[in-house]
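Let me give you the structure first, and then I'll get to my questions.
What follows draws every value from the coordinates through simple rules; no lab data is involved. These numbers were taken from a predicted model, which means no experiment stands behind them. Cβ atoms come from the backbone with ideal geometry, glycine included; neighbour counts cover every protein chain shown.
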Amino acid sequence: MIPARYSVRHRTGHRYLVPVTNGHSVLRLLPRETPWQRVLDRAVHVDPEPDHVADHVDVFGNLVRYCAVERPHDHLEVTSSSLVEVLDPGPPPDGPPWEAAVDATSGIEAVELAYPSPLVPLLEDLTAYGAVSFTPGRLLGHAIRELVDRIAADFRFDPGFSDVTTPVEEVFAARRGVCQDFSHLLLGCLRGLGLAARYVSGYIESIPAPGMPKLQGADASHAWVSVRVPDWGWYDVDPTNPGATPVQRVTVAWGRDYGDVAPLRGVVFGPPGDQDLEVAVDVTRC
Amino acid sequence: MSPAAISRYRTLTGIHDEMLDGSGAVRPGWAALADDLLHTSREEFLRRQSLADRLLVAEGAGHVVHDDEQTSRAWRLDPVPMLVGPVAWGALARGLEQRAQLLEAVVTDLTGARTLLTTGVVPPAAVLSWSGYQRATAGLPSAARRLTLYGPDLVRRADGVFVVLADHTDVPVGAGLALLQRSVSSRLLPDLHRRAGATPLGDLSAALRGALAAHAPAERRSPRVVVHTTGPGRPEYLDHSYLAAALGYHVVTGDDLTVRGGRLWLRSLGELEPVDVAFRRVPDHWIDPLEVPPGGPGGVPGLLQSVREGGAGIANIPGSGIAGHLALLPFLESACHLLLGEDLLLPSTDTWWCGCPDHREEVLGAFDDLVLHDVGHGAVRAVGGSVPPVFARDLDPEERAHWRSLIDRSPHRVVAQRRLDLATTPGVVDGEPGAQSVVVRAVVVSGPEGCHVLPGGHGRVVASGTPALAQASGTAKDIWVLAGPTSAPIPVATPDVAPIDLRASLPSRAGESLFWMGRNAERAETVVRLVQVILRRVEQEPELLADADGPWLHHMLSGLRSVSGAIGTLPGTGGDPYATLQAEVASALAGRAGSAADSLGHLVSSVRSIREHVSTSTWRIFGMLDAEIDGLRSAGSADPVTLGETLDRVLVPLLAFSGLAKESMVRGPGWRLLDIGRRLERAVLLLGLLEATVVPPTAPEHRQSLHESVLTACESLVAYRRRFRSDVTHGGLAAMLVTDATNPRSLAFQLEQLLEDISGLPAGRDRTVQRSIAARAQDVLTDAGRFGDADTGTRIATDLHDVVLEIRPLLLELTEEVVGSWFAHAPRARRGAG
């Protein structure tokens, strides 16, 4: 299969109804290089022009940009544009029996992602829900795929139900949410069993192939989960779109949960006032 | 020690005691203290305890402990210090120094190369599973030692060996408290302090200043250092502010700081001043709401970025808390071999981390002999500690099941330590000497020239039946390190940096506190004085109380209402004049916002927030005032004699405060703002008093007593008589209190001082508007002309009324300008999308 090439444009517009005096933002919007993803071009444009910009790489290897607008402003528009090439990782792995994968959770990279994190606490009920698919001796890949399909079937995609602050307990109880919630749920199931898995933020192809339905979550930044499969690598699974193929996903950043990879986080100073937020994402195969 | 003494102080056999050795003989160095314990009566011990309590209150320290809000309570100082001999302390200090070096290396490693984890010397999960491990702080650069201030908790075991129970490496409290305790204990036992030869603590400040200066970015030769705290509302503020006062640095909170251009800045009276080093007293999970949301008290968005870019030095480096994680204790010995190539000198207490299967086995096997800590996710991480640990053997069946299941399901959250029998030391409880156990928060400062181990520490008496780290007792204990026969003072390297002159700099928040201190002190003083004048006059001329609606009583009480914040004039009651008087006095003293008690309450709480700007004697004055507030509250029901005494006890310290402000405060922006507050308040209250008493028409036969009372309340009657040598006239009174610029109580004097204070604020601040308002007020007085010596009756009253009506709005406008332009607070933070 030839690599898929995507042009990605992600625009986030804030409008402050009462102008703010200054603001700081931290952006994780620049796609990272991975063994299966080449980044041919990437740039972030911020309007108004920031007074201060600095980049660093975080502890997970993600590219982070800090911007500060240090004068009064009434809007903040952040546009990230990139050109990336995604390779096909080949057929999904079967892996060893899942218990062997648990035993192999050692080393910094795996241990970092095997424990509860701020947005993915250990929940007994959730672990029990996930454990149904992990029967003794079952191969890791098979168990994961069954669990992902169960989440897709049991939970309803409902953008109106949750926001970034909704705890995973509520999502689990209400059986509805968005990609971020389903990813946290899946992470909770896997880590509850002792497996290492990370939260991935990125994009999914937004223009469906002819005759195919439009993928859910395509008009915003997307999230999915990557599970560590011993002797294979990190295996991406998407509980929101279990049918999507690996080459339909563009990876931006990963971490323990959404909190580690929020695409745009900001603090502004100024008199109290409302703000509008507009997000648009285009992921076009080219 | 005589049998009688031993009968008063019992020790347990087989347990090390600090004062008595195994044969019951007094250890070297303890002779004087043992003798004192023997000869001191119960009454004397009780007296010392109450003196210690009073001294702590006088330091503003009566109601604070060093832990999070849940456990905040009144604390006391045990009147008997714990002595440590020079040999024992020498060994301890060497161990502490090595441990500080080790933990420095641990911080550097765990925020950088993570060799400890890749080699498996520390199991990766012990660090990576901990909710206190701040990933946002990875890789931050540091110009100097990352662990500038380190504060371990030490105990001496029953076998006489000192062990570390916990290492505090994030924002250890204790240094300020140790200094505070010493100032109390040395005043409590001046003679013993001298005879025992306790090593003084004075080198700490110099060592810390040098260590902090080393964090300044290289090109800044005269670094500006601030003590960055969680704020005056927090219990740990006492420790922070006491230490800051000793260091001579500004205490700032999150709102005082801002990050611009990748640098750290202080908001100083409406301007931004660069900050080179922040002495961080804000826990790392609160420090930066941008990168570690949601942040907490003291947080500054962008702070971590400024550190990352080298735009500010922060000590301790954010993220340093990881080295104090209890789960590291079992692995420190191997870490010491790996990182320093040395044996660990000062042992940790036996500790197990249940994340290791073999540790877990041992914990389950020895369960009842252990102290259990939940270090896990969701556990509140208090400043300087974790959630209180428990004795496993004291758990009820339900709690036991909880811990067993926690160990089973989330073993990484459980750290266990061996329950220890502790050595004893003498202390006093309820006037009786007895054996206590003490946990010592030691203080180690690491700078470019090496380590300084504070010869002393902040001791806490261990409450019986609780783990030493549970901090349940709230009784502090001073630690005296005895000088050895040959011990020379340890030289402290003084920093090779020119100190920056902070006189012209003042954080806006501190400026505002000083301004309100001036206003509240003046208001309290005015109200109390006026009440005194009214009560004395009534005593001398009881006939003034004959009629409730008599002009003197009516006008004076209206004046009292005006200066004590009442809304509306005195209603004519026609009732019992004495009851009216009593009710009005009670509300003026304590009955409403603006009353004397209310103003004093504000005064005392603002002084707590700016401890570093006031002298030690000022503190004592505020301790006295604080103690009288309750007296004012019960003033309404007090008999006249008691009330008079209470008023005196309030007035004298208030006068002392105004004298100290005049004589002992540097004429920097802080003093100017304090004075501006005082002048504005005095001017406004004077206008209110005149409006209520002198402006309304009064029959000539009532004027004399009224005028005299007003002049007395304004401390101007004697001066009046010297100037006019006559009965008080309308015109003379107006001249004295309004236009006479030589009378420090007159309106003209206040306006002149206001102009001078405003002009005296550091250049560069825009003072145009404020100056022009004060000048306009002066013009009003000039236009009003001189109030003549002769009494032209109603015309003067009308002129006076015009002055009041014209100047009052100008004073209010000036107040708004001062508050709005110099104290303009950090605009409120809002969270953007994310």
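Using a simple spin-label model with points 7 Å from Cα along the Cα→Cβ vector, what separation in nm is obtained for B:Ala366 and A:Thr135?
The two pseudo-label positions are separated by 4.5 nm.
Would you please put B:723-733, B:699-709 in order of how densely packed they are, using the mean number of other Cβ atoms within 10 angstrom per residue and starting with the highest?
Ranked from most to least packed, the peptides come out as B:723-733, B:699-709.
Oh, and also: What are the extents of the Cα atoms of chain A along their three principal axes, listed from largest to smallest and rounded to whole Å?
Cα extents, longest axis first: 61, 42, 41 Å.
What is the spin-label model distance, in nm, from B:Arg10 to A:Arg15 if the labels are put 7 Å beyond Cα along the C-beta direction?
Once both label points are built, they end up 8.1 nm from each other.
What whole-number distance in Å separates the alpha-carbon centres of the range A:109-123 and the range B:135-180?
Going from one Cα centre to the other spans 28 Å.
Calculate the mean, over all residues of peptide B:160-172, of how many other protein chain Cβ atoms lie within 10 angstrom of the residue's Cβ.
Mean number of neighbouring Cβ atoms from other chains: 0.
Take A:Glu146 and B:Val87, extend 7 Å from each Cα along the Cα→Cβ direction, and tell me the distance between the two endpoints in nm.
In this crude label model, A:Glu146 to B:Val87 measures out at 7.1 nm.
Also: Taking the number of other C-beta atoms within 10 Å as the exposure measure, put A:Asp238, B:Asp109 in order starting with the fewest.
B:Asp109, A:Asp238
Further question on the same structure: Using Cα-Cα distances under 8 Å and only pairs 6 or more residues apart, what relative contact order does chain B have, in percent?
Result for chain B is 15 percent.
Taking each residue of B:127-140 in turn, how many C-beta atoms of other protein chains fall within 10 Å of its C-beta, and what is the average?
4
Moving to a separate point now. Got the relative contact order for chain A handy, in percent, Cα pairs under 8 Å and 6 or more residues apart?
Result for chain A is 30 percent.
Applying the Karplus parametrisation 6.51 cos²θ - 1.76 cosθ + 1.60 with θ = phi - 60° to the phi angles of the range B:314-322, what ³J(HN,Hα) value in whole Hz is obtained for each residue in order, glycine and proline being reported as x?
Once rounded to whole Hz, the list reads 10, 9, 5, 4, x, x, 5, x, 4.
Moving on to the next point. Could you please rank A:Asp94, B:Asp284, placing first whichever residue has the fewest other Cβ atoms within 10 Å of its Cβ?
Going from least to most buried by this count: A:Asp94, B:Asp284.
Quote the relative contact order of the range B:253-346 in percent (integer), defining contacts as alpha-carbon pairs under 8 Å separated by 6+ residues.
Value for the range B:253-346: 24 percent.
If you take each beta carbon of peptide A:111-118 and count the beta carbons of other chains within 10 angstrom, what is the mean?
Neighbouring Cβ atoms belonging to other protein chains average 6 per residue here.
Can I ask one more? With +1 on each Lys and Arg Cβ and -1 on each Asp and Glu Cβ, how big is the dipole of the range B:43-199 about its Cα centre, in debye rounded to the nearest 20?
It works out to roughly 340 debye.
Something else: Within chain A, which whole H helices from DSSP have a Cα span along their axis of at least 15 Å and a mean Kyte-Doolittle hydropathy of -0.5 or more, if any?
Membrane-span-like by this rule: A:140-154, A:179-192.
Want the number for A:Ala54 to A:Ile2: 0.36 nm per residue separation, take away the alpha-carbon distance, what's left?
Gain on stretching A:Ala54 to A:Ile2: 15.1 nm.
When the Kirkwood radius is taken over all Cα pairs of chain B, what Stokes-Einstein diffusion coefficient follows at 37 °C and 0.692 mPa s, in µm²/s?
Calculated translational D: 110 µm²/s.
Now a separate question. Pull up the DSSP beta bridges for the range B:212-328 and report the antiparallel fraction as a percent, rounded to 5.
45
Ok, one more. Quickly estimate the mean residue ellipticity at 222 nm for chain B, helices only: each DSSP H run with n ≥ 4 gives -39500 (n - 2.57), and the total goes over all residues, rounded to 500.
-14500 deg cm²/dmol
Run the paramagnetic zone check for A:Glu278: 7 angstrom along Cα to Cβ, then residues of the range A:10-29 with backbone nitrogen under 19 Å.
The answer is A:10-20, whose backbone nitrogens lie closer than 19 Å to the label point.
Ok, one more. Any idea what log10 I(q)/I(0) is at q = 0.10, 0.11, 0.14 Å⁻¹ for the range B:167-302, Debye with uniform C-alpha scatterers and no solvent?
-0.39, -0.46, -0.70
Going highest first, how would you order B:150-163, B:420-433 by mean Cβ packing within 10 Å?
Highest mean packing first, the order is B:150-163, B:420-433.
For the range B:315-375, what does the convex hull of the Cα positions come to per residue, in cubic angstrom?
Convex hull of Cα atoms, per residue: 121 Å³.
Could I ask something else about it? Using the Cβ atoms and a cut-off under 11 Å, what net charge is assigned to the surroundings of B:Ala524, where Lys and Arg are +1 and Asp and Glu are -1?
After counting each charged neighbour, the total is -2.
Could you pull the Cα extents of the protein assembly as shown along its three principal axes, largest to smallest, in whole Å?
111, 87, 59
Where does the charge balance sit around B:Gly601 when Lys and Arg score +1, Asp and Glu -1, over other residues with C-beta under 14 Å from its C-beta?
Its environment carries a net charge of +1.
Here's another thing I want to ask about it. Got a sec? How would B:Tyr578, B:Tyr242 order by Cβ neighbour count within 10 Å, fewest to most?
The most exposed by this proxy come first: B:Tyr578, B:Tyr242.
Mind grabbing the base-10 log of I(q)/I(0) for the range B:572-619 at q = 0.23, 0.32, 0.33 Å⁻¹? Debye formula, identical points on the C-alpha positions, no solvent, two decimal places.
-0.81, -1.03, -1.06
Placing +1 at every Lys and Arg Cβ and -1 at every Asp and Glu Cβ, with all other atoms neutral, what dipole size does chain B have around its Cα centre, in debye to the nearest 20?
Dipole about the Cα centre, nearest 20: 1260 debye.
In addition: Using only helices, what value at 222 nm comes out for chain A when you add -39,500 (n - 2.57) per DSSP H run of length 4 or more and divide by the total residues, to the nearest 500 deg cm²/dmol?
-5500 deg cm²/dmol
Compute the helix-to-body angle for B:237-247: its Cα long axis versus the longest principal axis of chain B, expressed 0 to 90° and rounded to tens.
That works out to roughly 90 degrees.
Relative to the Cα centre, what is the charge dipole magnitude of the range B:674-811, using +1 at the beta carbon of each Lys and Arg, -1 at the beta carbon of each Asp and Glu, and rounding to the nearest 20 debye?
Its charge dipole is roughly 260 debye.
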